[in-house]
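Everything on this sheet refers to the single structure shown next.
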Amino acid sequence: MTVVTASVLLLLTTGCWSSNEIEDVSVYVGLGLDAANESKFERDINKQGASYPKRKVLTATVQIVPPITGKNEKQGGSGSSSPSKAYLNEQLTGDSLIQIFRQFSLRRDRPLIGHHLKVIVVSSELARKYSLEQVFDFILRDNDIRPSCLVVVSHRSAFEALSSTEPGEIPAFYLTGLVDNRYRSNKILPPVSLIKLDSNMQSGASFLLQNVVTAQNEHKFSGAAIFKGKTKKWIGELSQYDLEGLSWIKEDVMGGALKTYAHKTGHTVTYEPKNSHSTIIPKVQGDEISFHIKIHSEGRLIEDWSFPEIPSSGQYIKEMEQQFEDEARKQIEQVLNKMQHVYHVDVGGFGDQLRIKHPKLWKKVKENWDETFSHVPITYEVNMNITDFGSSTD
C-alpha cells in the first residue's frame, strides 16, 4: 500500500503538464506603442501581398530577450537588433493590439510570452491622438501581462526609448532601474504601474506619467507627461524644475538638491533635504474654496563655493535658509501656474484633500473639478532649517 501511495504522489508532483520550456518561447520584457509608422520590412512584405485588412493606427514594438542557446535567434526586418545585442526589437503596425500580437506568430517560431513584461512605453504622439483607455484596453484585459509593470511616456518615439547601443544593455531593464533612484532625486515620479494607471483612469482625475527623453540612443527621465482626466489624452508636460516644485507640495521629496546663489558673492550654495513634510489645507466658506500649503524641511548645507572664506555665522545660516525658502517658492509658484493657468488640471492632490475634509462639497464640484481648481486661490508657506554641514569640520 505504501509503494502504491508513493507512486501516486510522484505522478502528482511532476510539475505543470502544459508548461513551456524557456527556450521554446519568446519572452518580451518591453512594449513600445507609437503612432503608426510601418517599418521597411512591413512595406516590403506588403508589396508581396503579405498583408491583411487593417488601418494604420499604431505600431507596436516588442523587446525580446533571446534565450541563451546554441540555436541562433532569427533576425528579421527593420527594428531587429544584431546578434551581438542582448535584446531584439521587432515591430508590426495595425489597428488592433491583440491582432498585432497574433501576427507576430507568423514571423517568429516561438510564441510571445508577456509574463515578464517590465515596462510599457507610450509615445506622446500616440497619446495625444488616442485615449489611454483605448490604447490600453487589450493590455488591461490580457492575463499574460502582469499589472505590476511600469508605464512611462516617451517624448519622441517609444521605439527610440527601447533602443540602445550600449553593449549588453537591455533598455527595458534600464528604464525600470531608473525608478530606483528616487531616493537620490525629487525629479523622479513615484512609479506608475499598470494597475495604478487603470485606477487613475477609472477615478476620472487628471494624472502624470514619467517622461523619457532620448538622444543618441541614450535615455533620461525628464519631467512628466500630463493626462487630462476626462479624455485620458496627453495634453502637455511638466519640466524637471516643475517636478521639484510639485514634490514639495505632495510631500514626495525623498532626495535631490536645492541650489541657490549667495546674494553678496554670487557663489553656488546647495541644500540637501533630509526630512520634509507638507500639508494641504482646504478652506471652505459656503461654496468658496481655497487652499493653504504648509511645507517644512530639514537638511544640510552640503555645498558652498564661498571657499576659502566660507561664512559660518548664525546670521549667514539664516540668510541661506531664507534664500532656499525663496527658491522653493519659485518652484512651487511655477508648477502651480502651469497647473492652474496653462493646462487647467489638478495633478497636485488638492481634490483628494477636499474630498477627504469636505465630502459634501466635493460631490458638487468633482465633475468639473479641473476647471474649478483653475480659479481656486492657493497660498503657501515654506520653512527650511539647516541642521548640519555634512562632514565639514567647521
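The values are calculated or read from the model by the stated rules, or taken from the named source; none is laboratory data. As the structure is a prediction and not an experimental result, all values here were calculated from the model. All Cβ positions, even for glycine, are placed from backbone atoms using ideal geometry, and neighbour counts span all protein chains on display. Just the protein is used for accessible areas: all its heavy atoms, side chains included, with ligands, DNA and RNA removed. Shrake-Rupley method; radii C 1.70, N 1.55, O 1.52, S 1.80 Å.
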**OP:** Using Rg and Dmax of the Cα atoms in Å as the read-out, say which of (1) 25.9, 93; (2) 21.2, 80; (3) 20.0, 61 was calculated from these coordinates.
**Re:** (1)
Original post:
Carbon-plus-sulfur fraction of the accessible area of segment 92-210, 1.4 Å probe, in percent?
Top reply: 48 percent
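Let me know the longest stretch in the chain that avoids all chymotrypsin sites (Phe, Trp or Tyr not before Pro) found in a DSSP loop with at most 14 other C-beta atoms within 10 Å.
Details: sites that count: TRP17, TRP305.
Value returned for the longest uninterrupted segment is 18-304.
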**OP:** Could you pull out the longest piece of the chain with no exposed loop trypsin sites (Lys or Arg not before Pro) in it, calling a site exposed if DSSP puts it outside H, G, I, E, B and it has at most 11 other Cβ atoms within 10 Å?
**Re:** 72-263
**OP:** Check cross-link reach from LYS233 to the aspartates and glutamates: straight Cα distance under 12 Å, and skip same-chain residues fewer than eight apart.
**Re:** GLU125, GLU133
**OP:** Sort ASP142, ASP326 by accessible area with a 1.4 Å probe, largest first.
**Re:** ASP326, ASP142
Original post:
Out of GLY314, GLY351, TRP234, whose Cα points farthest toward the positive end of the dipole of the chain (charges: +1 Lys, Arg; -1 Asp, Glu; placed on Cβ)?
Top reply: TRP234
**OP:** Can you spot the lysines whose alpha carbon is less than 18 Å from LYS228's alpha carbon? Ignore those fewer than 8 places along the same chain.
**Re:** LYS129, LYS196, LYS338, LYS366
**OP:** Report the charge-dipole magnitude of the chain in Debye, nearest 20, computed about the Cα centre from +1 at each Lys and Arg Cβ and -1 at each Asp and Glu Cβ.
**Re:** 1360 debye
Subject >> For segment 229-373, size of Cβ-based charge dipole, Lys and Arg +1, Asp and Glu -1, in debye >> reply: 760 debye
**OP:** Report the GluC sites (Glu not before Pro) located in segment 269-335 that are in a DSSP loop and have at most 11 other Cβ atoms inside 10 Å of their Cβ, or state none.
**Re:** GLU309
**OP:** Starting from the residue with the highest accessible area, list VAL151, VAL213 in decreasing order, probe 1.4 Å.
**Re:** VAL213, VAL151
**OP:** Given the options GLY348, GLY168, GLY229, state which has the largest fluctuation in a GNM of the chain using a 10 Å cut-off (strictly under) for Cα springs.
**Re:** GLY168
**OP:** Pick out, from VAL269, GLY256, GLN285, the residue whose Cα sits farthest towards the positive end of the charge dipole of segment 256-394, with +1 on the Cβ of Lys and Arg and -1 on the Cβ of Asp and Glu.
**Re:** GLN285
Original post:
For helix 2-12, what angle does its Cα long axis make with the longest principal axis of the chain, in degrees from 0 to 90 and rounded to 10?
Top reply: 70 degrees
Original post:
So how much accessible area does SER222 have, in Å² to the nearest 10, using a 1.4 Å probe?
Top reply: 30 Å²
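For the chain, what proportion of DSSP beta bridges, expressed in % and rounded to the nearest 5, is antiparallel? If you can, show how the numbers build up before the last one.
Values: 48 of 72 bridges.
Looking only at bridges with both residues in the chain, the antiparallel portion is about 65 percent.
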**OP:** Distance from a point 7 Å along Cα→Cβ of LYS47 to each backbone N in segment 96-138: keep the residues under 11 Å and list them by number.
**Re:** none
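So what is the accessible area of the chain per residue, in Å², with the probe set to 1.4 Å?
Numbers: 20700 Å² over 394 residues.
Per-residue value: 53 Å².
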Original post:
Along the charge dipole of the chain, which of PHE136, SER105, VAL29 sits closest to the positive end, that is, farthest toward it, with unit charges on the beta carbon of Lys, Arg, Asp and Glu (+1, +1, -1, -1)?
Top reply: SER105
**OP:** Rounded to the nearest 500, what is the 222 nm mean residue ellipticity of the chain from helices alone, with -39500 (n - 2.57) per DSSP H run of 4+ residues and division by all residues?
**Re:** -8500 deg cm²/dmol
